[in-house]
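The structure under discussion appears below in the form of C-alpha cells.
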Amino acid sequence: MASEIEPARLTGSARRLRLDTLVRLRWLAVIGQSAAVAVVHIGLGFQLPFGPAFLLIAASAGLNLALRVHYPASHRLSDNAATFLLAFDIAQLAALLFLTGGLQNPFSILFLAPVLISATALTPRRTLALGLFVVGCATLLAFFHLPLPWREGEAMGFPALYVAGVWAAILLGTGFTGIYAWRVAEEARQLAQALAATELVLAREQHLSQIDGLAAAAAHELGTPLATIALVSKELSKRLANDAEIAEDVGLLRDQVERCRAILGQLTARGQDGEGGEFLENITLVHLVEELVDPLRGIGVAIRIDRAENGPMPRVRRNAGLVYGLTNILDNAVDFAEREVVVEAGWDERALWIEIRDDGPGYPAEVLLRLGEPYVTTRGADKRGPDQDPAGHGLGVFIAKTLIERTGAVLSLTNGMREGVGAVARVTWPRGGPFETAP
C-alpha cells in the first residue's frame with residue numbers, strides 16, 4: 001500500500017523552470033538597468049561608458065526576443081538551458097558593473113538574484129556552480145573595473161577595506177540566500193507531494209467505502225428479476241415433476257436463485273446506510289475503536305481496549321479518512337511495541353478522545369519535534385510480515401494527521417511519562433462538534 005501511494009520524487013522535468021518566468025524577470029532587469037544608466041548619465045550628468053553599457057543591456061533584450069520567437073511561453077527549460085541563461089545573466093551584470101565601478105557600485109548586490117532563482121528551481125550542485133561563478137566575478141571586479149561614475153573633474157574612490165567588505169557581503173549573501181531559498185523550496189515541494197499522496201489515500205478509502213452502497217443498490221435492482229426467476233422455476237418444477245432429470249435441474253436452479261438472494265440480502269444489510277449509500281455511518285466511539293483493533297489481533301502483540309467513561313456512550317461519525325488515519329497510527333504502535341498496545345476510548349462532558357499507547361522505545365528526540373511533517377520517519381521491526389517496507393517513507397504520520405484533523409480533531413504525539421509506556425498518540429474532539437452525532 002505504501003509503495004502505491006508514495007509520490008514520485010521530483011525529477012529534473014518536474015522541477016524545470018518555465019521559460020516565461022526567466023524572460024519576464026530578464027525584462028524587469030533590462031528596464032531597471034536602462035533606467036539606472038539613463039538617470040546616472042543623463043539625469044545626474046555623471047560620466048560613464050554610455051554606449052557600451054547600453055549594448056550590454058541590448059544583448060539581454062535581444063536574447064529575450066530570440067527566446068520569445070523560438071519557444072512558446074509555456075516551454076520548460078532543461079537544467080542545462082536554465083543554468084546557461086542564469087550564467088549569462090551573471091556575466092552580463094558583471095560586465096555592466098565593470099563599466100560602472102565594479103564592487104563600488106551599490107547595484108553589485110543584484111548578483112544574488114540569479115543564485116536565488118537557481119536555488120528554488122535547480123539542483124544544489126548547479127546552484128553551487130552558479131554561486132562560485134558569482135564569487136569569481138565579484139573577485140575579479142574587486143581588482144579590475146572602470147571608475148565609479150561621478151561628477152566631471154572629481155574622482156570617487158572607496159578604501160580597499162570597504163571593497164573587501166562588499167566582496168564578503170556578496171560571498172556570504174550568496175551562500176545564505178542560496179541555502180535558505182533551496183530549503184524553503186524543497187519543503188514546499190515535499191509538502192505538495194505529501195498532500196497529493198493524502199488526497200490519493202482519501203480517494204481510495206472513499207471509493208472502497210462506497211462499494212457497500214453500490215452493493216445495496218445492486219441488491220435492490222436484482223431483487224425483482226431474481227424473484228421472477230424463482231417463481232418461474234417453481235412453476236416448472238410442478239409441471240415437470242414426472243421428469244426426474246429435468247426436475248433435478250430445475251431444483252438446482254431454484255437452490256442457486258435462493259443462494260443469490262441470500263448473498264444480496266447480506267450485501268444489502270452491510271451496505272444499508274441511508275439515502276444514496278453515503279459512506280458516513282453513526283457508530284459508538286467504542287465500536288469505532290473495536291473496528292480499528294480487530295484486524296490487528298493475533299499478530300504477536302497484545303492489544304487491549306480500555307474505557308475512560310464519564311456519562312452515556314457517545315455516537316460519532318465514521319468516515320473513510322478517519323479510519324485510515326487511526327489505523328495508520330495503530331499500525332505504528334504495533335510495529336514498535338514490545339508486548340502490548342493499549343487503545344483507550346474516553347469521554348467526558350468536554351471532550352471525546354482515543355489514546356493509543358505502546359510499550360516500545362518511544363519517539364527519538366530528534367524526530368519527536370518534527371512528527372507530522374512529510375518525510376520524517378523512524379521505523380521499527382515490522383511484525384506483519386516480510387512484504388512490508390521497514391524503511392518507510394515518512395508520509396504515514398503526515399497523512400494520518402491530515403485526515404484525522406479534517407474531522408475537527410487535535411492529534412498530539414508524545415512519549416509516555418510512566419514506566420512501560422513508550423509512544424503516546426492522543427486524538428481529541430470537542431463535545432458537540434461535527435464529529436459527534438445525536439444519540
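The values are calculated or read from the model by the stated rules, or taken from the named source; none is laboratory data. In this text the structure is predicted, and so the values were computed from the model without any measurement. Positions of Cβ are backbone-derived with ideal geometry, glycine not excepted, and every protein chain shown enters the neighbour counts. The area values use the complete protein model at the heavy-atom level, side chains included, leaving out ligands, DNA and RNA. Shrake-Rupley method; radii C 1.70, N 1.55, O 1.52, S 1.80 Å.
Full extension of the segment from residue 156 to residue 305, taken as 0.36 nm per residue of separation minus the current Cα-Cα distance, would add 45.5 nm.
Label point of residue 431 set 7 angstrom out along Cα-Cβ; within segment 337-372, amide nitrogens under 18 Å from it belong to 345-355. The alpha carbon centroids of segment 283-360 and segment 395-439 are separated by 10 Å. Rounded, prolate or oblate for segment 25-133? Axes are the square roots of the Cα gyration tensor eigenvalues, ordered a ≥ b ≥ c, and the cut-off for rounded is a/c under 1.5. The shape class here is oblate. Stretched out straight at 0.36 nm per residue, the stretch from residue 252 to residue 47 would grow longer than its current Cα-Cα span by 63.1 nm.
The protection proxy used here, the mean number of other Cβ atoms lying within 10 Å of each residue, ranks peptides 243-249, 161-167 as follows, highest first: 161-167, 243-249.
Applying 0.36 nm per residue to the separation of residue 78 and residue 187 and subtracting their alpha-carbon distance, the gain on full extension is 37.0 nm. Of the residues 16, 297, the one with the largest accessible area comes first in the ranking 297, 16, computed with a 1.4 Å probe on protein heavy atoms.
Heavy-atom accessible area with a 1.4 Å probe sorts 54, 111, largest first, into 54, 111. Ligands, DNA and RNA aside, residue 65 has an accessible area near 100 Å² when probed at 1.4 Å.
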